[in-house]
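Comments concern the structure below.
Computed from the coordinates by the stated procedures, all read-outs in this text should not be read as laboratory data. Bear in mind the structure is a predicted one, so any value in this text is a computation, not a measurement. Counting neighbours? That spans all protein chains shown, and the Cβs are built from the backbone with ideal geometry, glycine included.
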Amino acid sequence: MEAGNEAIFLDGGTGIVSPPNLGNRPIHILLTHLHLDHLIGLPFFPPLSQKGRQIDLYSERRMDTDIRAMMNRLFAPPFWPLRLEDYPSDLHYHDIEGSFRIGDVDIQIMSAAHPGGSTVFKLNYKGKILVFATDFEHLDNKSGELAEFAANADLLLYDAQYTEEDYEPHKGFGHSTAEEGIRIAEKACVKQVYFIHHNPDYTDEKLLAMDEKLRVLHPNMAIIKQGTRIIL
Ligand SMILES: [Zn+2]
Ligand SMILES: [Zn+2]
């Protein structure tokens with residue numbers, strides 16, 4: 001996300017390996033949680049190798065442990081030769097709770113139903129609101145809670161790992177469906193929705209067919225593709 005002078009990344013999966021040209025902008029990385037698919041791109045994030053480059057990384061504490069200690073457990077020998085803080089950049093870790101601010105962006109958090117926990121982020125930049133709800137399962141009262149949290153958002157990025165049919169045998173795995181996302185978005189009067197965190201077993205053909213079907217009934221919703229650029 002580009003907002004004013006800030007470059008804000010949502011998680012550090014493989015997408016973070018090839019960032020757009022960021023100039024000298026301050027870099028911030030918000031982590032929803034610490035599952036590998038959300039971290040595995042971090043050691044290959046090019047700005048980490050730029051001497052003195054300021055990078056700020058934010059996460060809620062997990063298992064009663066601060067984010068720095070957690071990252072130094074994962075990115076350390078023998079799994080990886082360096083800790084992230086040993087790279088030439090100037091990396092700072094931040095444990096977050098409640099709401100906080102990055103430049104002119106106001107950020108609020110909500111907890112998701114996901115094994116080990118996950119954070120839903122709401123980013124508000126000059127009244128434009130983005131809600132990032134990945135690794136979110138619609139268990140308990142979470143759909144209602146998210147509909148309130150995302151009320152009138154300009155953009156919702158929503159976990160749609162499963163079709164409704166595939167969801168049933170994967171209940172409790174911590175993911176959701178496009179159908180549930182549609183219900184939440186309509187309740188919340190969200191302007192635009194992109195479905196994310198596709199099932200790695202689904203082929204491009206299957207995702208394109210889902211996208212086509214979706215757009216007929218919901219022209220403001222789509223399955224996200226790599227490289228999609230959204231201006232709010
Ligand atoms: Zn996860
Ligand atoms: Zn995930």
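Step through the table entries Lys142/Lys187; Lys126/Lys191; Lys122/Lys206, compare each Cα-Cα distance with 24 Å, and write down the pairs that go over it.
From the list (Lys142/Lys187; Lys126/Lys191; Lys122/Lys206), the Cα-Cα distance tops 24 Å for Lys122/Lys206.
If I fit a long axis through the Cα atoms of helix 204-217 and take the longest principal axis of the Cα atoms of the chain, what angle between them do I get, 0 to 90°, rounded to 10?
Tilt relative to the chain: about 50 degrees.
Rounded to the nearest 20 debye, what is the charge dipole size of region 111-186 about its Cα centre when +1 sits on each Lys and Arg Cβ and -1 on each Asp and Glu Cβ?
For this selection, approximately 520 debye.
How many nm separate the modelled label positions at Asp64 and Asp204, each set 7 Å beyond the Cα in the direction of the Cβ?
Here the answer is 4.8 nm between the modelled labels.
Calculate the spin-label point distance for Gln108 paired with Cys189, positioning each point 7 Å from the Cα along the beta-carbon direction, and give it in nanometres.
1.5 nm
I need the fraction of alpha carbon pairs in region 1-96 separated by more than 16 Å, rounded to a whole percent.
Above the 16 Å cut-off, region 1-96 has 53 percent of its Cα pairs.
If you count, for each residue, the other Cβ atoms within 10 Å and average over each peptide, how do 30-43, 215-228 line up from highest to lowest?
Order by mean packing, descending: 30-43, 215-228.
Where does the chain land at 222 nm, in deg cm²/dmol rounded to the nearest 500, when only DSSP H runs of n ≥ 4 count, each adding -39500 (n - 2.57), divided by all residues?
That calculation yields -5500 deg cm²/dmol at 222 nm.
Specify which residue in the list Thr163, Ile184, Ser49 is farthest towards the positive end of the charge dipole of the chain, using unit charges on the beta carbon of Lys, Arg (+1) and Asp, Glu (-1), about the Cα centre.
Highest projection toward the positive end goes to Ser49.
List the aspartates and glutamates whose Cα sits under 16 Å from the Cα of Lys171, skipping any in the same chain fewer than 8 residues away.
Answer for Lys171, where 16 Å is the Cα cut-off: Asp135, Glu137, Asp140, Asp159, Glu179, Glu180, listed by chain and number.
State the extension gain, in nm to one decimal, for the chain segment bounded by Leu82 and Glu168, taking 0.36 nm per residue of separation less the distance between their alpha-carbons.
26.9 nm
Using the Cα centre as the reference, give the magnitude of the dipole from point charges on the C-beta atoms of the chain (Lys, Arg: +1; Asp, Glu: -1; all else neutral), rounded to the nearest 20 debye.
In debye, rounded to 20, the chain gives about 740.
Which trypsin sites (Lys or Arg not before Pro) in region 1-98 pass both tests, a DSSP loop state and at most 13 other beta-carbon atoms within 10 Å?
Values: sites: Lys51, Arg53, Arg61, Arg62, Arg68, Arg73, Arg83; in loops: Lys51, Arg53, Arg61, Arg83.
Sites meeting the loop and neighbour criteria: Lys51.
Report the gain in length on full extension from Phe100 to Leu217: 0.36 nm times residue separation, minus Cα-Cα distance, nm rounded to one decimal.
Length gained between Phe100 and Leu217: 38.4 nm.
Just subtract the alpha-carbon distance of Glu179 and Glu145 from 0.36 nm times their residue separation and send over the number in nm, one decimal.
Taking 0.36 nm per residue and subtracting the Cα distance, the gain is 10.6 nm.
So if I restrict to the alpha-carbon atoms in the chain, what is the Rg, and what is Dmax, the biggest pairwise distance, in Å?
That works out to 17.5, 51 Å for Rg and Dmax.
Compute the distance in nm between two label points, each set 7 Å from the Cα along the Cα-to-Cβ direction, one at Gln50 and one at Lys126.
Placing both labels 7 Å along Cα→Cβ, they lie 2.3 nm apart.
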